[in-house]
Every structure is written in structure tokens, then in C-alpha cells.
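Scroll down for the structure; my scribbles are underneath it.
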């Protein structure tokens, strides 16, 4: 909400070629308690002054020499960065009111001045203007917070991925269709997968002998996109001893719960598994 003091501290520009009108409006404003009042008799100065001070309200006479108030409003509309023109026009011509509102004015004051009408219209318009500015500022602050939070999440994700890479031998990501989108390390070799241009992901069992029970269980987890942690399976290459591999994986979902992909990590734990086996035998 806007309090009364905020309204009285708002900046106001009076633009009228008649000095008597400027003085009268200034007295009306000061009597009501307004403290930040500027004025000009030159319509060519309005845009320059508003660009410099960004007034909360411009009291603009429509009939001025050189360029009239309508042209001033057009110039202001081309200059402002948003669609809000804080203009309250001054006119003695009833047929100018609709045209002024169509040109961007928010309200009008009729000549000759009625003090109560002038003070009421100015107060109401300033309240709306200051609320608009507060809303605009809140939107900017919210947008900045969203940008900062997004940057934090990206940095956090980068740290997570880096730690993942350091703590494992390989890392992979898949899309919702099971296609690999990111690979770090010998992922395909360790998972026993080869990429076929026509068939997609294909199990490649020709060079190793898998523990069938373990392999079927891992395949089921991967196919159904079920999460798993530290799953150990073994395989025996044709030209070497048995290998033990430990993998973890999890499905990825968007905010609506729709599956967007899959990611996982793995490492070769052959050495640790053999050490445990030797320790068991020795005991």
C-alpha cells in the first residue's frame, strides 16, 4: 500500500505557458502538502525535464505555443521505456478530453480550476502511479531473484556433476527415449552396450561372459527406469579375469512428473571385491 507521506513526497511537474496558471497550481499543491514541485512555461522543455527527473506526475496544458500538449504527449510516448505516461492534462475545451485520453493522458483538470477537484484528481492519480511503480519494482526484484536462483542451481548442478565425475569411473545421461545424451568415461563398454544406427542401444555380449542373473536384473532396472544404488554385477572378458562393476542410476522428471531422462554413474570395484574375497578366505 501507499501511505499519505509517499504521495506528498511524489515529484510533480507543472507545464503551462501561462505563468498565472503555474503559480495557482503550485499554491494549490503546496497548500495540500506536496513538497517536490517543478514547473516550466516552455513545452519544448517537458521531455528533457522528464527524462532527467522521471516525474511521478506531469500537469500538462494542452494549448501552448510552438507545440501543443498533444505533440508533447506523443514525444513523451516515444521517449518512455514503458507504456505508462503519468500525465494529467489541463484544458478548458471539453472536446479535447477524449482526444487527450486517447493520446495517453490518464486524467484531466478543467479550467477554470476547482480546488477540490484539482487536489482530488492529483491525489488519486499519484496513488495509482506510485502503486504502479511499486509493482514494477517488485517484478524487477522477483525477476532478479529468479535469475540468481537459476544461476545457483546451475552452479550446484555443475558441482554435483564434477563431484560425480571425480567419485566414479563413468557417468551417463539419457533422454526419455533412452538415447545417450552425455557420456563421461567408458560408459558403453562398462554397461555392455553398443550403438546401432538402426536398432539404437543394443546389448553387446560377444566379448564378455556376463553373470546372467545380475545382468538381467540390471537390464530390468535400466529398461523400467527404476532407481538403484550401488548395484554390483560381474563379467568375465574373453582375454582376462572377472571384473566387478558397481553402478547407480536414477530417473529424471520435470515439475509435472513427466519422465525426461535417466542418469547414472559407475566404477570398477574389482580390486576391492577381490580384497574382500581374500580376507574372507583367510578368516
Unique match (being at pLDDT 85 or above, loosely packed, with under 10 Cβ neighbours inside 10 Å and not in a strand (DSSP E or B)) among 146, 128, 116: 116
Residue match in the stretch 11-22 (condition: farther than 18 Å from residue 111 by Cα and not in a strand (DSSP E or B)): no
Flag for residue 107 being in contact with a helix residue (DSSP H, G or I) (Cβ under 8 Å, 6 or more places away or on another chain), farther than 14 Å from residue 16 by Cα and assigned by TED's automatic domain parsing to the domain that holds residue 135: yes
Selection status of residue 220, at pLDDT below 80, on the phi < 0 side of the Ramachandran plot, in the same structural domain as residue 173 (by TED's automatic domain parsing) and not in a strand (DSSP E or B): no
Unmet criterion (only one of (1) in contact with a helix residue (DSSP H, G or I) (Cβ under 9 Å, 6 or more places away or on another chain); (2) modelled with pLDDT under 90) for residue 101: (1)
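Does residue 247 qualify as being in the same structural domain as residue 221 (by TED's automatic domain parsing) and without any contact (Cβ under 8 Å) to a residue 40 or more places away in the chain?
Spelling it out, it is not the case that residue 247 is in the same structural domain as residue 221 (by TED's automatic domain parsing) and without any contact (Cβ under 8 Å) to a residue 40 or more places away in the chain.
The values are calculated or read from the model by the stated rules, or taken from the named source; none is laboratory data. Computed from a prediction, not measured in an experiment: that's the story for all the values here. When we count neighbours, we look across all protein chains shown, and the Cβ atoms used for this are built from the backbone with ideal geometry, even at glycine.
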